[in-house]
Amino acid sequence: MVGKEQSMGFLERVLRLSASGPIEARLTHDRLALTRFADSSIHQNMVKDAVALKLRVVIGKKIGTATVNSTAMVDVRRALGVAERLAKLQADDPDFVSLPTPTAFVTSRTYYTETAQCSPARRAEAVDALVQTAAAVKLRAYGSFATETNELAVASSLGVRAYNCSTTAYLRTVMMSPQHSGTGYADFLSRDIADIDPKALGEEAAERCVLGEHARELPPGEYEVVLTPYAVSDMIRFLGYLGFTASSMQEGRSFLSGRIGERVVGENISIWDDAFDTATLNMPFDLEGVAKRRVSLIEEGVAAGVVYDSYAAHKEGFLSTGHASRARGGMPANLVMAPGSSTLEEMVKSTKRGVYITRFHYTHCPDPVKVIMTGTTRDGTYLIENGEIKHPIKNLRLTDSVLRVLSHVSLISSERKLQRDWWGTFTSRLPALKAERCMFTGATTF
Amino acid sequence: MQDLLQIAIREAERLGADYADVRYMERKSEPVSMKNGAVVSLALQEEQGFGIRVMHGGAWGFASRSVTTEAELKHAAAEAVAVARASAKVRASETSFAPLDAAQGVYRTKVQRDPFEIPLEDKLEFLIDIDRELRADAAIRIAETSLLSLCERKWFLSSEGSDIEQTIYETGASIAATAAGNGDRQRRSFSNYAQAGYEFVEGLNLKALSTGLAIEAKQLLTAEPCPVLDTTLILGSSQLALQIHESCGHPIELDRVLGSEASFAGTSFLAPGMEGNYPYGSTEVTIVADATMRGGLGTFGYDDEGVPAQCTTIVDKGKFTNFLTSRETAPALGQASNGTMRADGATNLPLIRMTNINLNPGDWTLDEIIKDTKHGIFMESPKSWSLDDKRLNFHFSTEYAYEVRNGAITRLLKNPAYTDMTTHFWPACDAIAGKGRGEWQLWGLPSCAKGEPMQIAHVAHGAAPARFRDVRVGVGK
């Protein structure tokens, strides 16, 4: 860890190098330790330590950017010169107003020493616990265990000064029966490694796997569905990156474009972005050093708003909501869905004939405005009949509008889980859902 | 540089490593992107770093740094050995490693015009010119243009004596027009990338292409939607390139087959023992993995294990013949590596990745295929893609389609999509073009995701339009 004093001291020296105009410097230091395992053996194991400095130089209404992964002042000076030159080359951007000015942010605990100091041996112990749990029921374990320490420091000549150090620990596993006739998944994500119980996680995946053996075919068609938070995360992902961003709204690409104040999904659905929720990967500020704000996105089914970075916000004459990301225009980072009062068990019990979906694989969106999602189920797909899980079914391809599915949600669980979608685009705090209608357009053979 | 990197190898050996390799890379990229004539991104990105991979006690360890000093090289070597020791605690058996002759070599992309020597002013003017063309009609609400210039210099040294230096240049461009009206939005785009100098961008003829894209985007606003039916599908070259990528390139990666990617990217419907006898496609279908061809994003001199670039036949007249392999996985087949281990930068572990996975040209022309088709749909230009975790069931949507009726192209169709199973689709291929000039094209895809942490590989696929019988189209509107 570089630390606050050293990071901010470095950025102060960087700012002093520039004489041309407003400048923003962002320093990141990321340490990733990752153990991957397959067929109950560790097969890849790594530690990656990287620094990066991004400079944004403003000349009039033009921005030049340069990135280097060095903190040597000779490299910084060269990068600064490049950024200034790139800014001068451009025509004025009439939509650009200013880099953000300082905002007061509220801090909460994001760093856990135990996570940051997790050794390769401890990760191996956790993997071994999963392997042993799998072996006890004659399964093989696959997956990964990652711990990360991320330092983010931002300073600008307009007075922004922000530093935060955070940790995350993420354990995920797929268990497979010897002939791969069944698979089961479980994961857990937290800022604090102490929250992760490898044995419990292994038991969850093993139970799904055993239940998934000898799957039968189910013809595609429309069914009721019970979706675990794993599955819900892949649906919410599309709303997140296609709809909840200011840039998609401003360009008319969002399903919310022109619909703020209108009903877009069922009235039992509320979604917001809240970086102060410590059950999410909480953060005090964004990549521009702007304080995070809670933003309501869908309120009781009605379109409520989108998130902004400074560029997109200034374009509309107000302030950033603290959602600057690597792409311009803002991006949600801590999506939260309102809980209900149900349980997964009650959802199954109330289903006459439906499909229980653990998670999705490789989803994509053929129609962003209608938020049509397509993807196949995996690692635990079961037929529910007369309130009971009847038997495992071969994986199905869901192709339906996420908005349509969320318009027919009948039950929402009270329990919510911090969930990363398959692509790793978002981490969201999500409940399980039961939806009365969901269209499946194809099936696999396993 | 080699003397500095040797420090890490010697340190790993001193700590008891049975094998060590170290890769150092300097990567420079200059992405330029514009939207509606305004610069969205104009940046220079530079990164450098090294990664050391060690085998200790039959298990792997890897450590990487973005700062390359003698102290960091030694520290990373020690960390890699410690990681390998931990790996050995959860292992069913020791890792075997196919033998390899030490290689000393230099590889460099042949470029006519260094893309970093082209003044940025010229690049911006070039994009502004295309932007004007894309937005000539008021129906076009968003015009997007971008250029990429990339240069990687990398060194590979191993404790077996390999010493390799490679310099790779990549260039390419992407343009798109989004039309809005009639209560709809439609987008047409074009992009291609190659391992080449700026001459590749100049040869793309983007200005002329942009006129056509804008017209098509506007026409799609009033086009009929693609009907839902089982029919004959003819895929254009760029869509077929993505089809090859997803339903041929990924399932033949032997690490996936052996379960290494099971928790994220998935596995494969293929298994060891299927090579040599499994009927992957019709006799029309021959696919090669060619890392030696000029200009492909998957071209190199040596892979990131120091294995020389090769051309391997994957499917020979329909019969599946080979996987993509590494030194660790090839022994499972009793083979030596065919050289496909590639890493996204020096600070990530190399994985089995596609190189240039090409469908060989057939003996038809596209015109002959159309004339020979009584009823079908021609689809082109990727829009979305999704496959199951064994790469069997797939769903693709494309930007546009044309109906083919009685041997002729008829009406334009919007929102086309098709879905099928890999095991049905390739055996149903009964005609491949390529006889006509320019029909077989090499498409660079600089965005192939795999691994944890996710790595992005640059790969390429050569393809000519081809015909597939009895495919469900139009699904998922």
Condition test on A:Ala134, is it touching a strand residue (DSSP E or B) at 6+ places or on another chain (Cβ under 7 Å), of a type in the set (A, V, I, L, M, F, W, C) and assigned by TED's automatic domain parsing to the domain that holds A:Lys199?
yes
Considering only the stretch B:401-448, how many residues are open to solvent by less than 30 Å² (accessible area, probe 1.4 Å) and at pLDDT below 95?
1
Of residues in the stretch A:42-58 being within 7 Å of another protein chain (Cβ to nearest Cβ) and free of Cβ contacts under 8 Å to residues at least 60 places away in the same chain, the one nearest to B:Val257 (Cα to Cα):
A:His43
Could you say whether any residue in the stretch A:107-118 is within 14 Å of chain B (Cβ to nearest Cβ), of a type outside the set (S, T, N, Q) and open to solvent by less than 10 Å² (accessible area, probe 1.4 Å)?
no
Looking at B:Asp372, B:Asp388 in this structure, which one is open to solvent by 10 Å² or more (accessible area, probe 1.4 Å) and assigned by TED's automatic domain parsing to the domain that holds B:Cys311?
B:Asp372
Which condition breaks for A:Asp30 when tested against (1) more than 7 Å from chain B (Cβ to nearest Cβ); (2) more than 30 Å from B:Arg53 (Cα to Cα)?
(2)
Near pairs, Cβ below 7 angstrom, 6+ apart or cross-chain, from the stretch B:429-444 (within 9 Å of B:Ser237 (Cα to Cα)) to any residue that is among the hydrophobic types (A, V, I, L, M, F, W, C) and open to solvent by 20 Å² or more (accessible area, probe 1.4 Å):
B:Glu439/B:Leu366
Could you list all residues from the stretch B:335-352 that are of a type outside the set (Ser, Thr, Tyr), out of contact with any Asp or Glu (no Cβ under 6 Å at 6 or more places or on another chain) and away from chain A (no Cβ under 14 Å)?
B:Gln335, B:Ala336, B:Asn338
A:Arg78 passes all but one of the listed conditions (1) touching a Gly at 6+ places or on another chain (Cβ under 8 Å); (2) open to solvent by 60 Å² or more (accessible area, probe 1.4 Å); (3) not aromatic (Phe, Trp, Tyr); the exception is number (1)
Given the criteria basic (Lys, Arg), open to solvent by 50 Å² or more (accessible area, probe 1.4 Å) and more than 9 Å from chain B (Cβ to nearest Cβ), does A:Arg161 qualify?
yes
Condition first: part of a strand (DSSP E or B) and open to solvent by less than 20 Å² (accessible area, probe 1.4 Å). Now tell me which residues in the stretch B:124-153 satisfy that.
B:Ile140, B:Ile142, B:Ala143, B:Thr145, B:Leu147, B:Ser149, B:Leu150, B:Cys151
Any idea which of (1) open to solvent by less than 40 Å² (accessible area, probe 1.4 Å); (2) part of a loop (DSSP other than H, G, I, E, B) is the one A:Phe276 doesn't satisfy?
(1)
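One line per residue, one yes/no per condition, for (1) over 25 Å from B:Arg85 (Cα atoms); (2) of a type outside the set (D, E, K, R):
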residue	(1), (2)
A:Arg123	no, no
A:Ala126	no, yes
A:Leu130	no, yes
A:Ala135	no, yes
A:Val154	yes, yes
A:Asn164	yes, yes
A:Arg172	no, no
A:Met176	yes, yes
Sole exception among (1) surrounded by fewer than 24 Cβ atoms within 10 Å (Cβ to Cβ); (2) more than 14 Å from chain B (Cβ to nearest Cβ); (3) closer than 27 Å to A:Glu300 by Cβ; (4) touching a Lys or Arg at 6+ places or on another chain (Cβ under 9 Å) for A:Lys370, by number:
(2)
Test for B:Ala309: is it buried (at least 23 other Cβ atoms within 10 Å of the Cβ) and more than 14 Å from chain A (Cβ to nearest Cβ)
no
Residue that is farthest from A:His180 (Cα to Cα), among those in the stretch B:242-266 that are assigned to a helix (DSSP H, G or I) and acidic (Asp, Glu)
B:Glu246
Wholly within the stretch B:1-116, strands (runs of 3 or more DSSP E) carrying at least 2 residues that are more than 8 Å from chain A (Cβ to nearest Cβ) and buried (at least 19 other Cβ atoms within 10 Å of the Cβ):
B:19-29, B:32-35, B:38-56
Tell me which of these A:Tyr362 doesn't satisfy, since it passes every other one: (1) in contact with a helix residue (DSSP H, G or I) (Cβ under 7 Å, 6 or more places away or on another chain); (2) open to solvent by 10 Å² or more (accessible area, probe 1.4 Å); (3) of a type in the set (Phe, Trp, Tyr).
(1)
B:Asp129: touching a residue at least 12 places away in the same chain (Cβ under 8 Å), out of contact with any Ser or Thr (no Cβ under 6 Å at 6 or more places or on another chain) and on the phi < 0 side of the Ramachandran plot, yes or no?
yes
Matching residues in the stretch A:90-106 - criterion: being facing chain B (nearest Cβ under 10 Å) and open to solvent by 40 Å² or more (accessible area, probe 1.4 Å):
A:Ala91, A:Asp92, A:Pro94, A:Asp95
Identity of the residue in the stretch A:59-74, open to solvent by 30 Å² or more (accessible area, probe 1.4 Å) and in contact with an Asp or Glu (Cβ under 9 Å, 6 or more places away or on another chain), that ends up nearest to the other protein chains (Cβ to nearest Cβ):
A:Thr67
Against the conditions (1) touching a strand residue (DSSP E or B) at 6+ places or on another chain (Cβ under 9 Å); (2) away from every other protein chain (no Cβ under 12 Å); (3) among the small types (Gly, Ala, Ser), where does B:Ala408 fall short? Just the number, please.
(1)
Can you give me the number of residues within the stretch A:177-206 that are part of a strand (DSSP E or B) and either among the hydroxyl-bearing types (Ser, Thr, Tyr) or open to solvent by 10 Å² or more (accessible area, probe 1.4 Å) (or both)?
4
Filter the stretch A:285-335 down to residues that are out of contact with any helix residue (DSSP H, G or I) (no Cβ under 6 Å at 6 or more places or on another chain), buried (at least 19 other Cβ atoms within 10 Å of the Cβ) and among the acidic types (Asp, Glu) and give me whichever is nearest to A:Cys165 (Cα to Cα).
A:Asp286
Filter the stretch A:339-367 down to the residues that are in a loop (DSSP other than H, G, I, E, B) and out of contact with any Pro (no Cβ under 8 Å at 6 or more places or on another chain), then identify the one that is nearest to the other protein chains (Cβ to nearest Cβ).
A:Thr351
Of the residues B:Thr398, B:Thr355, only one is under 23 Å from the mean Cα position of the chain (by Cα), within 13 Å of chain A (Cβ to nearest Cβ) and surrounded by 24 or more Cβ atoms within 10 Å (Cβ to Cβ); which?
B:Thr398
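The values are calculated or read from the model by the stated rules, or taken from the named source; none is laboratory data. For clarity, every value in this text was computed on a predicted model and none was experimentally measured. Glycine also receives a Cβ, built like all others from the backbone with ideal geometry; neighbour counts cover every protein chain displayed. For accessibility, only protein heavy atoms count, side chains too; no ligands or nucleic acids. Shrake-Rupley method; radii C 1.70, N 1.55, O 1.52, S 1.80 Å.
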